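For reference, the structure discussed in these notes is given below.
The values are calculated or read from the model by the stated rules, or taken from the named source; none is laboratory data. Nothing here was measured: the structure is a model prediction, and the numbers come from that model. Note: ideal-geometry Cβ built from the backbone for every residue, glycine included; neighbour counts use all protein chains shown.
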Amino acid sequence: MTTVVERLRAELMAREPGKDAASQGVDSRNLREYNHLLVLNSVRLQGPLARVSIAQQTGLSKTTVSTIIDQLLQNGLVSEGDFIDAAATGGRRPILVHFNNDTALIMGIEITYSTLTLITTNLGGEVRSIYTEPFDFTSTPVSSLAMLGAAVRIFMAKSNLTWEHILGIGVGIGAPLDSRTHTLMYPPGEYSWDGIDIVASLMKQFQVPVYVDNNANLAALSEARYGVAKDYSDFAYISIGQGIGGGLIHDHQIYHGMLGGAGEIGHFHIAESGPQCICGKRGCLETLANNAAIVEDASLGRSLARVAPRARVAPQLADRDDIDINDVLHAADAGDLGARLALQSAGRAIGTAVGALITLLNPEVIILDGATVRMGRYLLDAVQEEAARQAMPANWAATHIITGQLGDLAVPLGAATLVIDAAFALASVISDYPGTVNGALG
Ligand SMILES: [Zn+2]
């Protein structure tokens, strides 16, 4: 007999693979499916709830709700049990319906130029296992995809997982991605990825539904679902690291634009004759304010030379080629003027782009993320000052700049969320289903 995981997986496979939940939607002509979805998502997102509360929330009759709940109980996605509530004030306590988050596991993967992070989560986005390993994304497509496949198999073996546990795989990629064709717009190395559909390649390898998106979009999505932005429907997310990535959330969903290129704040044009960027232009924000640019500025004392031509660079950073962004952050904290000015210079460049974004989009919040933001105030203060100078005053006054909450888990968790969102936009998977559930997993 098929399990509910197999049934959900088959439904996802039958739809257009890799397409996100927001664009799939529900066939509202099928009222019965739609009602099932309303009830299931009400229990999943607001539960545990009594049947009477579900009826109130969904606007469905108590009879309809009860019929649907009875079907959901059979397939194991929900269970019913008395809820021990200390605040209960006597009388008959209603029996509450709970969503069973552990019915399935999802794999979330983050690909950066040099690292892979793999996690599993349950249907509630709770992380169950984590695995990281070095990766060479600048290698050929065939070799990169094979390395990814090998890492997935090692992770599953280490976590005692088999494919029957996995509902699907979400993948975050640290490069601009065409969301219509699942191809890289700007590959990370010198090899051509033209015509390589990442979703199709990975589905061929793993035989489960696969969803891909850009890393910054996914970090934005997980901050929206589980992190610092749970209470905001419209915001911008900017990560500062190896590159500078941006993601826009509109009405709780990723806003992709036409190609998937929306939110690419790293390619805002800032400096007329700045360094060459991977996108083909010169002077993009990323080339001026990513970690490498900050490290180079601090070690050469470039910003320092501008404000104090005779000043000497602090000895711990001058002319060293083995320092990284953490050395710069520590030097800034220890009072090194060259390191502080390098962080401030990057902060002003980011602030210019943030100011324009605030004027254009009037977001509720802007989330800044990455080591330079989490570990030090010099860059963040400069972003605030410059954005305040550049943004339309009324919009600026209404926007808060905050830092991300989920850290290294933000991208893989967002990747897993793509699968969860897609699964629960599918109404038909949960109706009329007589199958059994595999019980507890992992
Ligand atoms: Zn660029």
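Values as computed for the structure displayed
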read-out: The lone exception for residue 223 - which of (1) surrounded by fewer than 23 Cβ atoms within 10 Å (Cβ to Cβ); (2) acidic (Asp, Glu); (3) under 29 Å from residue 386 (Cβ atoms) it fails; value: (1)
read-out: Helices (runs of 4 or more DSSP H) fully within the range 346-414 counting 3 or more residues that are surrounded by 18 or more Cβ atoms within 10 Å (Cβ to Cβ) and at pLDDT 95 or above; value: 377-390
read-out: Qualifying residue in the range 364-386 (condition: more than 18 Å from residue 241 (Cβ to Cβ), of a type in the set (Asp, Glu) and touching a strand residue (DSSP E or B) at 6+ places or on another chain (Cβ under 9 Å)); value: yes
read-out: Unmet requirement for residue 230, which otherwise passes all of (1) buried (at least 18 other Cβ atoms within 10 Å of the Cβ); (2) over 23 Å from residue 186 (Cβ atoms); value: (1)
read-out: Flag if residue 211 is aromatic (Phe, Trp, Tyr), outside any loop (DSSP other than H, G, I, E, B) and within 11 Å of the chain's Cα centre (by Cα); value: no
read-out: Filtered residues of the range 263-280 (kept if among the acidic types (Asp, Glu) and more than 10 Å from the ligand (Cβ to nearest atom)); value: 272
read-out: Filter result for the condition that a residue is within 16 Å of the ligand (Cβ to nearest atom), over 19 Å from residue 383 (Cα atoms) and crowded, with 16+ Cβ neighbours inside 10 Å, over 260, 301, 283, 243; value: 260
read-out: Whichever residue in the range 30-81 is of a type in the set (A, V, I, L, M) and within 28 Å of the chain's Cα centre (by Cα) and, among such residues, is surrounded by the fewest Cβ atoms within 10 Å (Cβ to Cβ); value: 45
read-out: Lone unmet requirement of (1) out of contact with any Leu (no Cβ under 7 Å at 6 or more places or on another chain); (2) closer than 22 Å to residue 413 by Cα for residue 210; value: (1)
